[in-house]
Amino acid sequence: MAYLQNSQEFLDKFGDINFAGFDDPTLLTDAKVGFSIQKNYPNDIRYKPAKDKKGNPDNIAVIWAVYENRFELKGDRYIPLRFRIAVMSKYRTKNIDYDYDDPSCPTKDSVAISFSTPKPMDLDLIGSYFYDSEKDCFVDDAYKLVPGVKILVTLFEAHIDSVHLVKGIGLRSKAFVSGFITKLLDVLINSVKFLLEGCFGRTLDESLERMTYFDGYSKNSLKVTGTDFLEIAGYKASKRVIILFAVVVAIFCWMMLPVDEDTYLGNLIGSDFLLLVHSLILLVFLDNVFPKALFHLLNWLIRIRKFYINLRLRVSRKRKSKVVV
C-alpha cells in the first residue's frame, strides 16, 4: 500500500482544480496532510458577497480538505477524507474589522447588502470519501472510483444550494433538527459537568485508554482532590459540598422557622442528637448520593449522544447524498 506523504501530493490527486473554478490552494499547517482552496460565488444565487470599490468580491467559499493519516498506523487500506466549506472574508482574515477608508476594503454599502442576503451554510463532509491506498485513487462510501475534483464540486454545489428557496429547505431543515439535538445534548452534558465540579467539588479525569467523548467516564474518573476536604461532625466532605450544605440549611431555616414545638420539626430542632443525625444524613446525600446520581446521568447522556452520532453516520452512509451538516 502506498500512503500519501505530504499535503502537496494530496492536492495533486484532485486534478485540475483551476478548470473547475477553484484557485489559491494553500497547504495547511494544523494538519499533517491537508490543504484549502477558494472559489467565488456565482452571480445568480441569492447570496451577494461584499465587494470592494473595483467590484472584486470579498466573500468567497473556502474548502478545507484533510487526509486522516492517523489511520495509516492501523494499516487501513481506505484512509478517510474530511472536508469543510464555509464563507470567508478575505479582508477580515488579514484585518481585525472593516476599515472603509482602506481602498482594499469592501464598501460599506456592499457589506450591508451582503448581510441582508441569506448566507450559505457551513457544511462538513465526513465518512463519505476515502483514499484507496492500493489503487491510488479516491473512492466514495460504496468504494466506487470518484475524481477528486468532483468531490469538491459536489460540496460547493451543496453549499450554494443551501440558499436556494426550494433546494435549501431540506438541507436547512436537516441542519436545524440534527444540529439542535446535538447542541442540546452538549449543553446538558456540560451542565452536569458544571454541577459536579462547581457545586459538588468533583473532578473528572480523562483516560489514555478511553475516549470519554463517546464512551463516557469510568468509575475511577470521579474524584475529589486530597486538599479539598473539610471535616464536620467527624465526617469528611468536599469544601464545596460543605458550602452547599450550609446554603441548603440556611434556605430550610428561612422557609420553615419558626416551628411549633409539638411538631416533628420542633422536636428535631429541640434535640441536638436528632439534629446531628439528620444533618449527617443530608451531608451524606449531598456528598455521595447526589454526585453519583449526576455521574450516572452524565454517562447516560454521553451514551445517548454517541448513539445519535452513530445513527447519523449510518444513515448518511446509506444515502447517496454525501453532505453531513
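The values are calculated or read from the model by the stated rules, or taken from the named source; none is laboratory data. Everything numeric here is computed off the predicted structure, so don't read it as measured data. Every residue, glycine among them, receives a Cβ derived from its backbone with ideal geometry; neighbour counts consider all protein chains shown. Heavy atoms of the whole protein, side chains included, go into the accessibility calculation; ligands, DNA and RNA do not. Shrake-Rupley method; radii C 1.70, N 1.55, O 1.52, S 1.80 Å.
Of the residues that make up region 32-47, is at least one in contact with a strand residue (DSSP E or B) (Cβ under 6 Å, 6 or more places away or on another chain), more than 29 Å from Pro103 (Cα to Cα) and modelled with pLDDT under 90? Looking for residues that are in contact with a strand residue (DSSP E or B) (Cβ under 6 Å, 6 or more places away or on another chain), more than 29 Å from Pro103 (Cα to Cα) and modelled with pLDDT under 90, one finds at least one in region 32-47, hence yes.
Scanning region 16-61 for residues that are touching a Ser or Thr at 6+ places or on another chain (Cβ under 7 Å) and among the hydrophobic types (A, V, I, L, M, F, W, C) yields a count of 5. Checking Leu222, Leu244, Leu297, Leu276 one by one, the residue that is loosely packed, with under 15 Cβ neighbours inside 10 Å and either closer than 25 Å to Asn190 by Cα or at pLDDT 65 or above (or both) is Leu276 and no other.
A count restricted to region 10-61 and to residues that are polar (S, T, N, Q), part of a loop (DSSP other than H, G, I, E, B) and under 24 Å from the mean Cα position of the chain (by Cα) stands at 1.
In region 16-32, the residues that are acidic (Asp, Glu) form Cβ pairs under 8 Å with partners that are open to solvent by less than 80 Å² (accessible area, probe 1.4 Å), at six or more places apart or across chains, as follows: Asp16/Val149; Asp23/Ile17; Asp23/Ile37; Asp23/Gln38; Asp23/Lys39; Asp24/Ile37; Asp24/Gln38.
This table checks each residue for (1) in contact (Cβ under 8 Å) with a residue 60 or more places away in the chain; (2) open to solvent by 10 Å² or more (accessible area, probe 1.4 Å).
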| residue | (1), (2) |
| --- | --- |
| Arg92 | no, yes |
| Tyr98 | no, yes |
| Pro103 | no, yes |
| Lys108 | no, yes |
| Leu125 | yes, no |
| Pro147 | yes, yes |
| Thr154 | yes, yes |
| His164 | yes, yes |
